[in-house]
Amino acid sequence: MTRSLLAAVAFAAAAMSAAAQDNSPFTVGTASAGRGHRANGFIEVPAGSDAGTRIPVMVFHGAWPGPVLAVVSGAHGTEYASIAAVGRLAERLDAADLTGTVILVPLVNVASFEHKVLHVNPVDGKSMNRFYPGRAEGTQTERAALAITREVVDRCDHLIDLHGGDIDESLRPYSYWTKTGNEKVDAVSRDMVLAFGLDHIIVSTDRPRDPAASRYLENTATTRGKASITAEAGSAGTVETDDVDALVRGCLSVMRLFKMIAGAPGKVDRPVWIDGVRTVASESGGFFRPLVRRGTYVEQGMKLGTVTDFFGAVLSQPRSPAAGVVLYICAVPSMKRGDTVANIGTISSRPVP
């Protein structure tokens, strides 16, 4: 080994040793953890045109330097499986054995969780995954989005946004891979979604590319050059072991991909790539009876269910607009005109690079 190479190796070793000994805390909101430690706290959203809120956050600041991974759930507060998964993930992590830092946000939409309100924040009636990167002068949802952008997205290197079937959604597990056109970011995101392990993957190519109008949490990260994915598991608001475990395993596998914890990451060898999602809206209100289940493969024109009045007379029979897989179907009889009956994923006919 040459003298210059020896010097370079010694310098690198010294730098790594100094970084490992750096006990500067990693702070998100009121959670501040020294190296090798965990801290709990809140991301404070101040009051404005409506009430403020406090979003719980956990920080696991690893014993060794490395990437910062954020895992966020509960944008919809009755998607309980994804919220439970973050709690279970926290039980599996030990900052003393961790390389890098993990930020866990188990519940964004606190009011939805507390009041059992589907899809939106009951404080202002807005979805908490549609108003990123947020506005300081906006309503609670927009102010919360701004706080998460600043405290979580801006602090992390990679992000996983967890979702699942809301109370009215009978959902089969799937994930999203967003293609942004940034080849480096897209390649890492692809590795993440394959390592996560869900075998049905939606390829998103139409997400906003302006970081000032990113709209979705995952998209807020990718438009800022941070490889990120979204994963969904959990059906009709239930907390089934298989769904929760799938989300926990996926997050741990991505951590192994980034060498944050010991072990080899998993990988989906033959994923089903979905190149489009067709939403079926109800033409009438009434009592809905499904004729297919989540995960069913359907043909174009196939009946998905029946909507009747309260005397049993058929009002409409929604049909699939395309051949594909039922990503979710309405899980409850209550139906209004314009409500979503089902989402159908169309299968890509070409290999996805």
Within the range 208-238, residues assigned to a loop (DSSP other than H, G, I, E, B) and surrounded by 17 or more Cβ atoms within 10 Å (Cβ to Cβ) come out as Ser214, Tyr216, Thr223, Arg224, Lys226, Ala227, Ala233, Gly234, Ser235, Ala236, Gly237
inquiry  = Please determine whether any residue of the range 224-242 is in the same structural domain as Glu142 (by TED's automatic domain parsing), closer than 22 Å to Arg155 by Cβ, free of Cβ contacts under 8 Å to residues at least 60 places away in the same chain and of a type outside the set (A, V, I, L, M, F, W, C).
reply    = yes
Determine whether the range 293-301 contains at least one residue that is of a type in the set (D, E, K, R), within 27 Å of the chain's Cα centre (by Cα) and surrounded by 16 or more Cβ atoms within 10 Å (Cβ to Cβ).
yes
For Gly324, the lone unmet condition from (1) surrounded by 16 or more Cβ atoms within 10 Å (Cβ to Cβ); (2) under 30 Å from Val105 (Cβ atoms) is (2)
The strands (runs of 3 or more DSSP E) lying entirely within the range 306-353 that contain at least 3 residues which are free of Cβ contacts under 8 Å to residues at least 40 places away in the same chain are 314-316
Q: Could you please let me know if Asn109 is surrounded by 24 or more Cβ atoms within 10 Å (Cβ to Cβ), in contact with a Gly (Cβ under 6 Å, 6 or more places away or on another chain) and not hydrophobic (A, V, I, L, M, F, W, C)?
A: yes
Taking the range 156-192 and the residues there that are closer than 25 Å to Thr296 by Cα and among the polar types (S, T, N, Q), the one that is surrounded by the fewest Cβ atoms within 10 Å (Cβ to Cβ) would be Ser170
query = On the given criteria, is Gly324 within 30 Å of Leu194 (Cβ to Cβ), small (Gly, Ala, Ser) and in the same structural domain as His115 (by TED's automatic domain parsing)?
reply = no
When (1) surrounded by fewer than 21 Cβ atoms within 10 Å (Cβ to Cβ); (2) in contact with a helix residue (DSSP H, G or I) (Cβ under 9 Å, 6 or more places away or on another chain); (3) modelled with pLDDT of 95 or more; (4) on the phi < 0 side of the Ramachandran plot are applied to Thr241, the one that fails is (2)
Among the residues of the range 124-155, the number that are touching a His at 6+ places or on another chain (Cβ under 9 Å) and either more than 20 Å from Thr222 (Cβ to Cβ) or surrounded by 21 or more Cβ atoms within 10 Å (Cβ to Cβ) (or both) is 2
Residue pairs within 8 Å by beta carbon, gap of at least six or interchain, first lying in the range 105-134 and outside any helix (DSSP H, G or I), second aromatic (Phe, Trp, Tyr), listed first then second, are Leu107/Phe113; Asn129/Tyr216; Arg130/Tyr216; Tyr132/Tyr216
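The values are calculated or read from the model by the stated rules, or taken from the named source; none is laboratory data. In this text, all values refer to a predicted model and were calculated from it rather than measured experimentally. Every residue, glycine among them, receives a Cβ derived from its backbone with ideal geometry; neighbour counts consider all protein chains shown.
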